[in-house]
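If you scroll down you'll find the structure; I have some questions about it.
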Amino acid sequence: MNYIETVNYLYQQMPEYQRIGHAAYKEGLENSIELDNLFQHPHRNFKTIHVGGTNGKGSVSHLLAAILQETGYRVGLYTSPHLIDFRERIRINGEMIDEQFVVDFVKQYKDQFEPIMPSFFELTMEMSFLWFSEQKVDVAIVEVGLGGRLDSTNIISPDLSVITNIGLDHVKYLGDTLPKIAAEKAGIIKQFTPVVIGEAGSIDVAQVFIDAANSVEAPIIFSELYLNNFVADRNESGLLFNTDGYNELKGELKGPAQDKNARTVLTAIEILREIGYNIPKEAVYRGFANVISLTGLLGRWQLLQYEPKIICDIAHNSHGIQNVVEQLLHEKYNNLHVVFGMANDKDIESVLQLLPKKAAYYFTKATVDRALSESYIKEQALNYGLKGSSYPTVSDAIFAAKENAEKEDVIFIGGSSFIVADALPLFM
């Protein structure tokens, strides 16, 4: 098999949750442990940092990776989902995993891992650990896939755990209240291992984290309380952060909640220093200013075109969409056009009620099994005063939006990472 055939084999034999949803979801760590035994625990050969939470995991993971790269560490980065190329999930110092390694991994081990019947995520995680081990990384940033307690990645023993925030998402698996979801996310807190909480959100959620940390004697740090005098100023060129220890720290990421993500990362950096990581301030400045080029991050308030200005973002739940709507308030335009689609397991009502009514909508459907039909979204959107037309493909919707938009308008593309994944190749 060549690379394309190998990736198609992985999709067919071990369906990806992001693509088909519940049918690909496997609860528990049994498969991950069995795979890890098969490959002789490759994650034990390097340090790890574990990043969980509802939203912001990707941005926080990439920022940490960029800073550590600039420090001089050889840094592995395991994230999901990918938007264009499967290899986006597995990077070392910004470079995607070698295609030939993916091919050889499947060819060499398929007879051994097929009887285990792992999920796509379980297998690709173990592939990443083996790649990181063979390439002798110093540290790997490992992003949680879904939840925490029973997530495949929870077999690692990290130097630091980070939980960005808690929002209502994946309620079918994690619980229908924020404290229940927090309890699942708190499952990545390990004995004696410090944990940074980006946003507690409420006293009830904070108490869940405190109780979980106390039960395993893990130091817990709330970034909202830890950083003194943290201020984020937004201007046309992006975000500028000031806090004790950092003056005019420029952030390349301009999108929703990046001020909160920055505060979380700066807290994590201080804790990493306390436990022995050598991270100079200059590396922090360079990492924040160049995170996209250093790590290859895509889909976070990404500017795709000028005149009209076209922006995409992968926010896909009410917590993330609320941040997108707030970010749109900072944009200057005559008219707003929104190319919008969702996955079929999301709470569409909670999202639609947040979207701006003063906009032209182009409802569409991504090319994955989990995508919600464009006609259904349009029908539901009318209940919330959102008006527009439906289009069978993302490219059709974008073409229509560009046809209707004037130079001074803004086109926003989002609602799902799959919508963004279909959109990006049209501009790259």
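The values are calculated or read from the model by the stated rules, or taken from the named source; none is laboratory data. The structure displayed is predicted, hence computed values, not measured ones. No Cβ is skipped: glycine too gets one built from the backbone with ideal geometry, and neighbour counts run over all protein chains shown.
For segment 376-428, enumerate the residues that are touching a residue at least 60 places away in the same chain (Cβ under 8 Å) and touching a Lys or Arg at 6+ places or on another chain (Cβ under 6 Å).
Across segment 376-428, the qualifying residue is only Val410.
Would you be able to say whether some residue in segment 254-261 is buried (at least 22 other Cβ atoms within 10 Å of the Cβ) and over 21 Å from Gly320 (Cβ atoms)?
Looking through segment 254-261, none of the residues is buried (at least 22 other Cβ atoms within 10 Å of the Cβ) and over 21 Å from Gly320 (Cβ atoms).
Would you mind stating whether Tyr362 is touching an Asp or Glu at 6+ places or on another chain (Cβ under 8 Å) and of a type in the set (Ser, Thr, Tyr)?
No, not satisfied.
A further question on this structure: Among what's in segment 31-71 and is assigned to a loop (DSSP other than H, G, I, E, B) and free of Cβ contacts under 8 Å to residues at least 40 places away in the same chain, pick the residue that is surrounded by the most Cβ atoms within 10 Å (Cβ to Cβ).
The selected residue is His41.
It is to be established whether one or more residues within segment 274-285 are within 22 Å of Ile413 (Cα to Cα), part of a helix (DSSP H, G or I), among the small types (Gly, Ala, Ser) and out of contact with any His (no Cβ under 8 Å at 6 or more places or on another chain). Don't jump to the end; show me each part of the working.
So in segment 274-285, the residues within 22 Å of Ile413 (Cα to Cα) come out as none.
Looking for residues that are within 22 Å of Ile413 (Cα to Cα), part of a helix (DSSP H, G or I), among the small types (Gly, Ala, Ser) and out of contact with any His (no Cβ under 8 Å at 6 or more places or on another chain), one finds none in segment 274-285, hence no.
Take Glu331 and tell me if it is in the same structural domain as Asn404 (by TED's automatic domain parsing), part of a loop (DSSP other than H, G, I, E, B) and among the acidic types (Asp, Glu).
Judged against the criteria, Glu331 is a match.
Regarding Lys254, is this residue touching a Gly at 6+ places or on another chain (Cβ under 7 Å) and under 21 Å from Gly198 (Cα atoms)?
Yes; evaluated as a whole, the condition is true for this residue.
To continue, here is another question. Exactly one of (1) out of contact with any helix residue (DSSP H, G or I) (no Cβ under 7 Å at 6 or more places or on another chain); (2) in a helix (DSSP H, G or I); (3) in contact (Cβ under 8 Å) with a residue 24 or more places away in the chain is unmet by Lys254. Its number?
The number of the failed condition is (2).
Among (1) touching a residue at least 12 places away in the same chain (Cβ under 8 Å); (2) surrounded by fewer than 23 Cβ atoms within 10 Å (Cβ to Cβ); (3) of a type outside the set (A, V, I, L, M); (4) at negative phi, there is one condition Gly245 misses while meeting the rest; what is its number?
(4)
Determine which single condition Leu355 fails, assuming it passes every other condition in (1) surrounded by fewer than 16 Cβ atoms within 10 Å (Cβ to Cβ); (2) in a loop (DSSP other than H, G, I, E, B).
With respect to (1) surrounded by fewer than 16 Cβ atoms within 10 Å (Cβ to Cβ); (2) in a loop (DSSP other than H, G, I, E, B), Leu355 is out only on (1).
If you don't mind, there's one more thing I want to ask. Report yes if some residue within segment 294-305 is part of a helix (DSSP H, G or I), farther than 12 Å from Gly415 by Cα and in contact (Cβ under 8 Å) with a residue 40 or more places away in the chain; otherwise report no.
yes
If you go through segment 383-408, how many residues are polar (S, T, N, Q) and assigned to a helix (DSSP H, G or I)?
Total satisfying the criteria: 2.
Let me ask another. Scanning for something modelled with pLDDT of 95 or more, closer than 30 Å to Val265 by Cβ and in contact with an Asp or Glu (Cβ under 7 Å, 6 or more places away or on another chain), does segment 1-24 turn up at least one residue?
No - not one qualifying residue is present in segment 1-24.
So, in segment 307-347, of the ones that are β-branched (Val, Ile, Thr) and closer than 12 Å to Pro256 by Cβ, which residue ends up modelled with the highest pLDDT?
That would be Ile311.
Quick one: which of Leu239, Leu225 is more than 27 Å from Asp151 (Cα to Cα) and surrounded by 17 or more Cβ atoms within 10 Å (Cβ to Cβ)?
Going through Leu239, Leu225 in turn, just one is more than 27 Å from Asp151 (Cα to Cα) and surrounded by 17 or more Cβ atoms within 10 Å (Cβ to Cβ): Leu239.
Mind checking whether some residue in segment 91-110 is among the polar types (S, T, N, Q), part of a helix (DSSP H, G or I), closer than 26 Å to Glu30 by Cα and in contact (Cβ under 8 Å) with a residue 40 or more places away in the chain?
No, segment 91-110 contains no residue that is among the polar types (S, T, N, Q), part of a helix (DSSP H, G or I), closer than 26 Å to Glu30 by Cα and in contact (Cβ under 8 Å) with a residue 40 or more places away in the chain.
Taking helices (runs of 4 or more DSSP H) that do not extend beyond segment 137-217, which have at least 2 residues that are in contact (Cβ under 8 Å) with a residue 60 or more places away in the chain and crowded, with 24+ Cβ neighbours inside 10 Å?
Those helices (runs of 4 or more DSSP H) span 178-185.
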